[in-house]
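Below is one structure, written out as C-alpha cells; the observations come after it.
The values are calculated or read from the model by the stated rules, or taken from the named source; none is laboratory data. Note that the coordinates shown come from a computational prediction; the quantities given were computed from them, not determined experimentally. Because the Cβ atoms are built from the backbone with ideal geometry, glycine has one as well, and the counts that use them run over all protein chains shown.
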Number of protein chains: 2
Amino acid sequence: MGLTSLRELGELKVIRILERSLGTSPLAVVGFGDDISAVKLPNGKVAVLKTDMLVGSTDVPPGMTMRQTARKAVVANVSDLAAKGVRPLAGMVALGLPANLREQDIHGIAGGLRGAAKEYGFPMVGGDTNESKDLTISIALFAIAGRGQLILRSGARIGDIVAVTGEFGSASAGLKALLEKKVRPKRLARPLSQAVYNPRAELDLGLRLAASGALTASIDSSDGLAWSLHELSRASAIGIRIDRVPVSKAAREFAARYRCKANDLALYGGEEYHLIVTVKPDKFSLARRAARGRLRPIGVVTPRSSGVCLRQARGDAKIAMKGWEHFRR
Amino acid sequence: MGLTSLRELGELKVIRILERSLGTSPLAVVGFGDDISAVKLPNGKVAVLKTDMLVGSTDVPPGMTMRQTARKAVVANVSDLAAKGVRPLAGMVALGLPANLREQDIHGIAGGLRGAAKEYGFPMVGGDTNESKDLTISIALFAIAGRGQLILRSGARIGDIVAVTGEFGSASAGLKALLEKKVRPKRLARPLSQAVYNPRAELDLGLRLAASGALTASIDSSDGLAWSLHELSRASAIGIRIDRVPVSKAAREFAARYRCKANDLALYGGEEYHLIVTVKPDKFSLARRAARGRLRPIGVVTPRSSGVCLRQARGDAKIAMKGWEHFRR
C-alpha cells in the first residue's frame, strides 16, 4: 500500500487522497472537482480562485519557446475561468527556474506572462521566484462573481443539448507530429503546431455564453474531450450521447495521412482549450446567437445509466474515460 | 548579456526583470515588492493575494518529512499575511510530484497541508496536481482586508522603534548542524532542529499588532534579519540602526561551541518566520501590550543616508544586504 509509487497509483488516485484529506468547507461554494474554486464573501458575492501549474518536463513539447510556454501557463488558467463565465481580475505567478536558464529565457518568460495577461485583460500583480530542477510556472487567478453566475460542471439535466465551441484533435495530432518527427506538408503542419504552441482560451465566448442564461453546465476541454465529457457526467450525475465527434479538418487530414483514427485524436487528446457546455433545449438558438455562430451541438444529455457514448449505425459505443493522466506512462 | 545564466545573474536580477516586464496596474493597491499583493474591490475593500512556492531540491533540508515540508510551504505563505495583519480566508495548492514518490508520501503531504490549514484557521479549497522532477508545493492564499488595514513595508518614519517578535539564528544554526552533520548535545540539537522542521508563522501576533494601531511598517523575516531590514529600508526610504542583534539562546550556544559568529547566524540566516515591525514611539507600550510581551525593541529608524547599521562601541557598523539568494552558490 504505502509502497505503491505514483507511477502505479496514477494521478486520479493522488487527487482523491488530497481531496479526501483536505475535505470540504462551509465557506467553499465550489471546492475540489470543478474547474475553479469559489469562496463566499460577506457581501453575497463569491471570490473565484484558480491555480494551475505548468511543468517543463511534462507539459512543454519540443520546440516550444519560453514565451509560448509562459503564455500557455496563463491560457490554461484563464480557460477554466472562461468555462465558468468569469473574467479574471488579477493574476499571481510562482516560478521554479533551472539555474542553467539564461537571461534571454527570463525575458521570454516575462514577455509571455505579460502578453497573456494583456491578451485576457488582467494585471499580474505579484509573484515568487525560486530555483528548481524542473521549469515550473504556477499561476493563480482571482476573480469576483455573483453567487448564481458561475456555470458549474454539475448543472446538466436530461434532454439538454451538449455543444462545443471548437473542433478537436489538432493539438494531439500536432503533439504526435512533434514527438514522432513525422514529415508533413507545411499547409498541414502549420495549424497543428499552432494548436500546440499557441492555444487560445475562449474567454470572451465563455463570458457571452454564460451571460446568455442558456447554459446549465460547462467545462473546459483541457484534459481532452472524452475525459471532460466524463467529468460532466460524473458531476451532473447524467449520461451523454454524442451524435458525432467534432474533429478538426487538420486532425482529419493528419489521421488519413498517417493512418490513425481521427476520432481518437479528437476524443483522447488534451491541451485544447475549447468549452464543452450543456444548453437548455429551448434556449439553444439564444446560446448560439451569444456565441456568434461558434457553438455546435454534438449530442444530448441522457440518463446516468446510459453512460457516455457515441451514437453509431450499429448502436451506441461507450466512450472510454481516457485522456492525459500524469504519472502513468 | 542574453547568455548570462541565472547562476551569474542571481535571483534579485531575475525578480527585477519580471517586475519591470509585468509592471504596475491601477487596480493593484499593493503590487510587487511587498509581502503580499492587494487588488481593489468595488466595495472599497481589497483582495489580498499571496503565492509562495516551496521546491524540494533547494528548500527542504535533510531529514525533513513530507508532512513537515508541506506544512512549511503553508507557513511561509501565512507568515507574509501575518506581517500585513491579515487573516487568510482560503488557500489553494498546486503540486509538482516526482513520479517515484510513494502513496505514503502523498498522505504525508496531504496531512501537512490539512494540519497547517487547520493550525491557521482557513480551508484549502482547491488545487492542481502535476508530475515534476522536483518536488514542488506552490501555495496561493486569499484574504479580504480594509484598504487602510494592511501594514506595508513602506510606512516606517524616522524616530520609529524597530522591534521583533522573536530571536534569530536557531534556523540557520540548525541548518548548519544538519548539513555539516555536526555532533551536538540533544538539549541543544532539539531547539535547532525544531526551528528548521517546525517553523511557526506568527499569525495571531501579527493580527493583534496590526489591530493595535501602533505599527507603521512590517515585514516577515523569512529572507533573514539583515535582508528584511534592508527591505524595510528600501521600501520606506529610511535607515535603521540596530542596538543589538536579537540572537536566540540556542544559536548563541551553537556559535560558542562550533566557533562561528552568533550575530552572523542571526543576521544572515533565513527561513525564520518572525515579524519585524516599526512602531510609533509614543505607542510602543500599546504594541507591546497587544503582543502580550512578545515584542522587543532592537533599534530605531534613522535617515535614509545612515543606511542599515549596528551600533557598536567603536561606532556604527554597516549590516550587509546578505541573505539566502536562489541561483547563487
Test for residue B:222: is it among the small types (Gly, Ala, Ser), in a loop (DSSP other than H, G, I, E, B), out of contact with any Asp or Glu (no Cβ under 6 Å at 6 or more places or on another chain) and under 29 Å from residue B:10 (Cα atoms): yes
Residue in the range B:280-298 that is out of contact with any Pro (no Cβ under 7 Å at 6 or more places or on another chain), in a strand (DSSP E or B) and at negative phi present: yes
Selected residue (criterion: nearest to the other protein chains (Cβ to nearest Cβ)) from residues of the range A:165-192 that are touching a Pro at 6+ places or on another chain (Cβ under 8 Å), surrounded by 24 or more Cβ atoms within 10 Å (Cβ to Cβ) and among the hydrophobic types (A, V, I, L, M, F, W, C): A:171
Matching option when the condition is surrounded by fewer than 24 Cβ atoms within 10 Å (Cβ to Cβ), within 8 Å of chain A (Cβ to nearest Cβ) and out of contact with any Leu (no Cβ under 7 Å at 6 or more places or on another chain), among B:65, B:58: B:58
Single unsatisfied condition, residue A:125 versus (1) over 30 Å from residue A:211 (Cβ atoms); (2) facing another protein chain (nearest Cβ under 9 Å): (1)
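Residue-wise test of (1) farther than 20 Å from residue B:216 by Cβ; (2) of a type outside the set (A, V, I, L, M, F, W, C); (3) in the same structural domain as residue B:189 (by TED's automatic domain parsing).
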position	(1), (2), (3)
B:27	yes, no, no
B:37	yes, yes, no
B:50	yes, yes, no
B:55	yes, no, no
B:59	yes, yes, no
B:65	yes, yes, no
B:69	yes, yes, no
B:73	yes, no, no
B:85	no, yes, no
Subset tally (residues that are surrounded by 24 or more Cβ atoms within 10 Å (Cβ to Cβ) and over 16 Å from residue A:22 (Cα atoms)) for the range B:89-101: 2
The range B:134-173, residues that are of a type in the set (Val, Ile, Thr) and under 12 Å from residue B:219 (Cβ atoms): B:151, B:162, B:164, B:165
Sole exception among (1) in contact (Cβ under 8 Å) with a residue 60 or more places away in the chain; (2) assigned to a helix (DSSP H, G or I) for residue A:187, by number: (1)
Test: residue A:48 is touching a strand residue (DSSP E or B) at 6+ places or on another chain (Cβ under 7 Å), of a type in the set (Val, Ile, Thr), over 15 Å from residue B:89 (Cα atoms) and surrounded by 17 or more Cβ atoms within 10 Å (Cβ to Cβ): no
Qualifying residue in the range B:193-209 (condition: crowded, with 17+ Cβ neighbours inside 10 Å, more than 23 Å from residue B:86 (Cα to Cα), under 14 Å from the mean Cα position of the chain (by Cα) and of a type outside the set (A, V, I, L, M, F, W, C)): no
Output for the range A:153-190, where each listed residue is under 12 Å from residue A:254 (Cβ atoms) and in contact with a Ser or Thr (Cβ under 6 Å, 6 or more places away or on another chain): A:169, A:170, A:174
Residue selected from the range A:68-83 under the condition more than 10 Å from every other protein chain (Cβ to nearest Cβ) and aliphatic (A, V, I, L, M), by the criterion nearest to residue A:37 (Cα to Cα): A:81
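From the set of residues in the range A:128-145 that are of a type in the set (Val, Ile, Thr) and more than 8 Å from every other protein chain (Cβ to nearest Cβ), which is nearest to residue B:135 (Cα to Cα)?
The extreme case among them is A:137.
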Output for the range B:135-162, where each listed residue is surrounded by 20 or more Cβ atoms within 10 Å (Cβ to Cβ) and in a loop (DSSP other than H, G, I, E, B): B:135, B:150, B:151, B:152, B:153, B:156, B:160
Flag if residue B:176 is more than 17 Å from the chain's Cα centre (by Cα), assigned to a loop (DSSP other than H, G, I, E, B), of a type outside the set (Phe, Trp, Tyr) and not assigned by TED's automatic domain parsing to the domain that holds residue B:69: no
Number of positions in the range B:27-54 that are of a type outside the set (A, V, I, L, M, F, W, C) and in contact with a Gly (Cβ under 7 Å, 6 or more places away or on another chain): 4
Cβ pairs under 7 Å, 6+ apart, first in the range B:84-104 and within 7 Å of another protein chain (Cβ to nearest Cβ), second assigned to a helix (DSSP H, G or I) and basic (Lys, Arg): B:99/A:7
Residue in the range B:8-33 that is farthest from the other protein chains (Cβ to nearest Cβ), counting only those that are surrounded by 15 or more Cβ atoms within 10 Å (Cβ to Cβ), of a type in the set (A, V, I, L, M, F, W, C) and under 20 Å from the mean Cα position of the chain (by Cα): B:30
Those residues of the range B:1-51 which are touching a residue at least 60 places away in the same chain (Cβ under 8 Å) and β-branched (Val, Ile, Thr), in sequence order: B:14, B:29, B:30, B:36, B:46, B:48, B:51
Lone qualifier among A:237, A:255, A:226, A:250 - being in contact with a Pro (Cβ under 8 Å, 6 or more places away or on another chain), farther than 16 Å from residue A:280 by Cα and assigned by TED's automatic domain parsing to the domain that holds residue A:310: A:250
Total residues in the range B:16-48, condition out of contact with any Asp or Glu (no Cβ under 9 Å at 6 or more places or on another chain) and either within 27 Å of residue B:322 (Cα to Cα) or at pLDDT below 90 (or both): 13
When residues of the range B:249-278 are limited to those that are in contact with a helix residue (DSSP H, G or I) (Cβ under 6 Å, 6 or more places away or on another chain) and of a type in the set (Phe, Trp, Tyr), the one farthest from residue B:203 (Cα to Cα): B:254
Selected residue (criterion: nearest to residue B:318 (Cα to Cα)) from residues of the range B:251-286 that are surrounded by fewer than 23 Cβ atoms within 10 Å (Cβ to Cβ) and of a type in the set (A, V, I, L, M): B:262
